[in-house]
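Just below is one structure, and these are the notes that go with it.
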Amino acid sequence: MTVPRSRPDLPPPPASPRLLPLRAVGRRLRGRVRRPGEVPGADPAAAMLRADSVRVPADERDRLDSLVSYGVLDTPRETTYDALTALAARLSDSPMAAVTLIDDDRQWFKSTYGLDIEESPRRTSFCSDVVAGGRTLAVSDVSTTDRYRWNPFVTGAPDIRAYLGVPLIGRDGLPLGALCVLDRRTRSFSPEQVDMLTTLADQVVFLLEQRRRDLADGLLGARVVPDARDPVRLRAALRSGEITPHFQPLVDIRTGRAHQIEALLRWEHPTSGLLTPDTFLPGLEAGALVVPMGRAVLDAALGRLVQLHGQGIDLPGGVAVNVASGQLTRPGLAREVVEALSRHDVLGARLTLEITESTALLDVTVARAELDALVAMGVHVVIDDFGVGWSNLTRVLQLPVDGIKIDRSIAAHVLDDPRAAIMVASTVDLARRLGLQVTAEGIETTAVRDHLAAAGVRHGQGWLYGRAVRGHDLADALTDLGALAGGDPTGG
């Protein structure tokens, strides 16, 4: 156990942060203030428990599962939590404050003020009792209560005498921990101070819920670089051209000739080197940046197609770009694509929009209307990552799709996994019956290529044909593949 100690050298608390909307569910569940010795549903004698006992709520297993879903335990200190903790101490006129989360057998501190501690046993935690009761706990003199008088934090440093704790009620309606203030002197807390702490607890819960959303969106994934979580940094990277498309060829696997290019996003980070989308795309998709990013990629892709034509290289399939959910589920995508095609003087038939399995279609009606308008102009729509998610088949029925791309996790294993071979064969048969074109990703060997060709796959991409390259290196890469000469990207 790390022994807490006072820190008289702490700087003054920071200014009050901007408060966010209150969580009404937390207020409803907290109810009235519970005084020491009072346990819901228990008589006074049962409340006189030994100091080292742990009170556990009836829904403890569900509560712990909920806590884990936030992914916050054992994470570094954050200034947003620290600002709220310091504000709690200042407004309650207390020398100590903390945001604690109650794990199975420990109390873990996300933020502290006036305390130097990372965790402590749950059996010594005042906040554990707040969680057990699910309501605010105020104790004016802990040294006079049978429950707390022998607590090591009372008999030794930091010499706690008064305590006020408010539960942190998450979206699941379960208490995760507490926001508390502590004092070394005997004292009471006014109703205004209790209400103030409740308000700040709501803000802590807001931060926790934001974190859980970011975790679900992949923004907190282990591979996501820190800069990808900073919208200002991301916007600067887009404007400066650090985030830009590279291009990978798709080929006719019967001839080996280049058929199309796909624009794949890359971040040429000044210190981290060349980054692939899994390290930064969640940051773009989590906010409004995915829309300007989509416009920039489309412009760059169409511009590159026209430039290749000027170099004597034509691609029968034109160029493919990925569409994010932020673009697809709002009105305006069709208009922006039409404007880009007109700006570059490229026919719609030379453009393919790829919709990935991870693309969330929050409004299928809007997505269908936007895509229908584009298909009417000849634009192709393809389902990417086909075979890795349950929604793939549904999207084939919901959207005006004319092609599918078999995911690399399936196509690359047709020789060593009989199930993958069966999936490819059945997918090709399904596509033939539905009138869909089939492309396979992840082709890295000639043996896999030959198997896919025999199964009826027409087009493919993968390292066998080349990795994604910068735009200025693309012409040489395509020439090596025997790109068709002549033609006109406008369709002429």
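The values are calculated or read from the model by the stated rules, or taken from the named source; none is laboratory data. Here the structure is a predicted model, which is why all the values come from computation and not from measurement. Methodologically, a virtual Cβ is constructed for each residue, glycine included, from the backbone with ideal geometry; neighbour enumeration extends over all protein chains shown. What goes into the accessible areas is simple: the full protein's heavy atoms, side chains included, and nothing from ligands, DNA or RNA. Shrake-Rupley method; radii C 1.70, N 1.55, O 1.52, S 1.80 Å.
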Worksheet item: Looking only at strands (runs of 3 or more DSSP E) that fall completely inside the range 263-363, which ones have 1 or more residues that are among the hydroxyl-bearing types (Ser, Thr, Tyr)?
Response: 351-355
Discussion item. Given the criterion closer than 30 Å to residue 450 by Cα, touching a residue at least 60 places away in the same chain (Cβ under 8 Å), buried (at least 19 other Cβ atoms within 10 Å of the Cβ) and touching a Leu at 6+ places or on another chain (Cβ under 9 Å), identify the matching residue among 166, 251.
Written reply: 251
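Of 433, 449, 408, which residue is open to solvent by 60 Å² or more (accessible area, probe 1.4 Å), basic (Lys, Arg), within 33 Å of the chain's Cα centre (by Cα) and modelled with pLDDT of 90 or more? I'd like the intermediate steps shown before the answer.
Working: 433 fails: within 33 Å of the chain's Cα centre (by Cα); 449 fails: within 33 Å of the chain's Cα centre (by Cα).
Checking each option against the conditions leaves just 408.
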Item to complete: Return the pairs, sorted by first residue and then second, in which the second residue is open to solvent by 10 Å² or more (accessible area, probe 1.4 Å), the first residue lies in the range 442-454 and is free of Cβ contacts under 8 Å to residues at least 12 places away in the same chain, the beta carbons are less than 6 Å apart, and the residues are 6+ apart or on different chains.
Response: none
Discussion item. If I filter the range 199-211 for residues that are hydroxyl-bearing (Ser, Thr, Tyr), part of a helix (DSSP H, G or I) and open to solvent by less than 50 Å² (accessible area, probe 1.4 Å), do I get at least one hit?
Written reply: yes
Worksheet, complete the sentence: In the range 285-299, anything in contact with a helix residue (DSSP H, G or I) (Cβ under 7 Å, 6 or more places away or on another chain), under 26 Å from residue 250 (Cα atoms) and among the aliphatic types (A, V, I, L, M) is listed as 290, 291, 293, 296, 298
Worksheet entry | Test: residue in the range 411-427 that is free of Cβ contacts under 8 Å to residues at least 60 places away in the same chain, in a loop (DSSP other than H, G, I, E, B), touching a Gly at 6+ places or on another chain (Cβ under 8 Å) and acidic (Asp, Glu) | no
Discussion item. Any residue at all in the range 304-318 that's open to solvent by less than 40 Å² (accessible area, probe 1.4 Å), in contact (Cβ under 8 Å) with a residue 12 or more places away in the chain and under 31 Å from the mean Cα position of the chain (by Cα)?
Written reply: no
Worksheet item: In the range 136-158, is there at least one residue being crowded, with 21+ Cβ neighbours inside 10 Å, polar (S, T, N, Q) and either in contact with a Lys or Arg (Cβ under 9 Å, 6 or more places away or on another chain) or under 18 Å from residue 189 (Cα atoms) (or both)?
Response: yes
Fill in: Residue count for the range 88-105, restricted to those that are over 13 Å from residue 176 (Cβ atoms) and of a type in the set (A, V, I, L, M)
6
